[in-house]
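The values are calculated or read from the model by the stated rules, or taken from the named source; none is laboratory data. In this text, all values refer to a predicted model and were calculated from it rather than measured experimentally. Positions of Cβ are backbone-derived with ideal geometry, glycine not excepted, and every protein chain shown enters the neighbour counts.
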Amino acid sequence: MVKGEQARLRELRQLALLDTPPEERFDRIARLAIQFFGVEAALVTLVDEDRQWFKSRQGIALTQTCRTESFCAHAIQEEGIFEIEDASQDSRFKDFVLVKAHRGIRFYAGVPMTTTNGFKVGTFCLIDSVPRRLNEQQRQVLRDLAACAEDEINRSYSKHCSRQC
């Protein structure tokens with residue numbers, strides 16, 4: 001297990017967002033991303049020890065995937081945007097079930113979302129079945145939308161913490 005992973009998982013649980021119903025405040029951000037980028041899906045994900053769970057899932061029916069086949073588990077290890085132009089050509093991802101599927105994932109771009117305590121608990125990400133590459137304007141918009149989702153996550157933490165204290 002990665003150093004600090006237990007503390008990150010405790011922080012994730014303290015958010016009290018895992019396995020909660022969809023919320024318009026997250027869905028709105030994901031819908032805007034789909035419209036702006038013209039991608040098939042946009043997600044607000046939370047990465048726990050065994051899975052990535054989708055707090056918002058616009059354009060995809062799944063509610064979660066296992067962490068071992070998760071792009072987001074890689075993205076939370078990075079700083080800034082983690083972008084895969086064509087997953088079918090990337091040795092880390094080409095054998096993932098969702099990449100090998102008919103109309104499988106080709107493009108992924110995700111930005112880690114960090115709590116006010118500095119823990120990366122998930123990502124805001126884009127997915128498409130065609131390879132693509134973000135330009136600088138798109139990269140900035142992705143960072144901005146991810147920051148909006150991160151603000152909502154931290155707002156959840158503040159509300160939950162104030163009730164607990």
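A few points about this structure:
- The set of residues from region 33-85 being among the β-branched types (V, I, T), farther than 19 Å from E136 by Cβ, in a loop (DSSP other than H, G, I, E, B) and touching a Leu at 6+ places or on another chain (Cβ under 9 Å) comprises just one member, I60.
- Search result, residues across region 96-126 that are part of a strand (DSSP E or B) and not hydrophobic (A, V, I, L, M, F, W, C): Y108, G110, P112, T114, K120, G122, T123
- Filter pass, T65 being under 12 Å from the mean Cα position of the chain (by Cα), at negative phi and among the hydroxyl-bearing types (S, T, Y): yes
- Residues in region 29-48 include at least one that is small (G, A, S), surrounded by fewer than 17 Cβ atoms within 10 Å (Cβ to Cβ) and modelled with pLDDT of 95 or more.
- Pair list, Cβ under 8 Å, 6 or more apart: region 115-129 residue among the charged types (D, E, K, R), other residue in a loop (DSSP other than H, G, I, E, B) and crowded, with 17+ Cβ neighbours inside 10 Å: K120/I76; D128/V39; D128/E40; D128/I105; D128/R106
- Condition check for F93: hydrophobic (A, V, I, L, M, F, W, C), assigned to a strand (DSSP E or B) and crowded, with 16+ Cβ neighbours inside 10 Å: no
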